[in-house]
1. Could you tell me whether residue 52 is over 21 Å from residue 136 (Cα atoms), over 16 Å from the mean Cα position of the chain (by Cα) and crowded, with 17+ Cβ neighbours inside 10 Å?
2. Across segment 142-155, what is the total count of residues that are assigned to a helix (DSSP H, G or I), farther than 13 Å from residue 178 by Cβ and touching a helix residue (DSSP H, G or I) at 6+ places or on another chain (Cβ under 6 Å)?
3. If residue 161 satisfies every condition in (1) within 30 Å of residue 25 (Cα to Cα); (2) surrounded by 18 or more Cβ atoms within 10 Å (Cβ to Cβ) but one, which is the exception?
4. Determine which member of the set 133, 186, 198 is in contact with a His (Cβ under 9 Å, 6 or more places away or on another chain), polar (S, T, N, Q) and either assigned to a helix (DSSP H, G or I) or crowded, with 16+ Cβ neighbours inside 10 Å (or both).
5. Filtering segment 1-45 down to residues that are modelled with pLDDT under 80 and of a type in the set (Gly, Ala, Ser), which residue is farthest from the chain's Cα centre (by Cα)?
6. Please count how many residues of segment 167-183 are surrounded by 13 or more Cβ atoms within 10 Å (Cβ to Cβ), in contact with a Leu (Cβ under 8 Å, 6 or more places away or on another chain) and modelled with pLDDT of 90 or more.
7. Give segment 94-108 a look and list any residue that's among the small types (Gly, Ala, Ser) and surrounded by fewer than 16 Cβ atoms within 10 Å (Cβ to Cβ), or say none.
8. Among the residues of segment 109-130, which ones are touching a His at 6+ places or on another chain (Cβ under 6 Å) and crowded, with 16+ Cβ neighbours inside 10 Å?
Amino acid sequence: MRPRQRAFDYPVVTTFGRGDFLVSDSNRDAFDWIERWPNWPTRALALHGPPGSGKTHLAHLWCERAGGTLIAGTDVTDPGLIGAAVAIDDADRAAERPLLHLYNSALESGANLLLIMRAPPASLPIALPDLGSRLRALPVVGIAPPDDELLGAVLVKHFADRQIRVGPGVIAYLVARIERSFAAASSVAARLDAAALSAGRPVTVKLARAVLSE
């Protein structure tokens with residue numbers, strides 16, 4: 001049976017459940033750190049990885065596990081945001097002084113922090129010496145670029161989030177030809193979704209070939 005293409009342009013629904021997180025060698029250490037809480041050596045952890053690698057998904061899982069709150073780095077303005085546990089997504093995009101105040105407030109109150117970043121703290125240009133020294137002293141875990149298994153699973157999830165069923169032949173074709181990155185998987189799923197909707201046809205290897213040749 002040929003995979004069916006949805007007939008209408010439904011909104012993309014991204015799910016953040018534990019069963020939706022795809023574990024492979026490239027992200028197993030990060031996943032294990034989240035599962036290990038509250039048995040961390042310190043009350044804070046820095047988690048980094050490339051765009052689309054599942055950092056935010058892990059932050060959701062940790063917040064559910066720790067009873068925490070997830071906030072965006074750009075929303076870090078008030079140390080009063082601190083609760084028992086706080087995850088800061090894109091913490092490297094936060095204003096430095098408010099982030100330092102929040103970090104200090106967390107330590108003073110006994111709260112737990114998960115800092116989500118695009119790169120390890122040691123490689124980021126941090127102007128405030130006090131903030132830099134605190135962040136660089138944290139335990140750090142990273143997510144590596146995806147292997148074939150994870151890249152294929154990520155593609156399947158992106159299509160599922162878009163309510164599209166694709167055959168294993170399409171996934172194998174894409175894994176062998178797209179850039180080995182989470183961002184590329186997201187981009188090609190969106191492009192194939194748009195092309196399939198425009199043509200009113202399923203996502204097939206033939207369609208994938210046409211989209212990749214553009």
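The values are calculated or read from the model by the stated rules, or taken from the named source; none is laboratory data. The structure displayed is predicted, hence computed values, not measured ones. All Cβ positions, even for glycine, are placed from backbone atoms using ideal geometry, and neighbour counts span all protein chains on display.
1. no
2. Number satisfying all stated conditions: 0.
3. Of the numbered conditions (1) within 30 Å of residue 25 (Cα to Cα); (2) surrounded by 18 or more Cβ atoms within 10 Å (Cβ to Cβ), the odd one out for residue 161 is (2).
4. 186
5. That would be 7.
6. Counting residues in segment 167-183 that are surrounded by 13 or more Cβ atoms within 10 Å (Cβ to Cβ), in contact with a Leu (Cβ under 8 Å, 6 or more places away or on another chain) and modelled with pLDDT of 90 or more gives 4.
7. The one that is among the small types (Gly, Ala, Ser) and surrounded by fewer than 16 Cβ atoms within 10 Å (Cβ to Cβ): 95.
8. 117, 120, listed by residue number.
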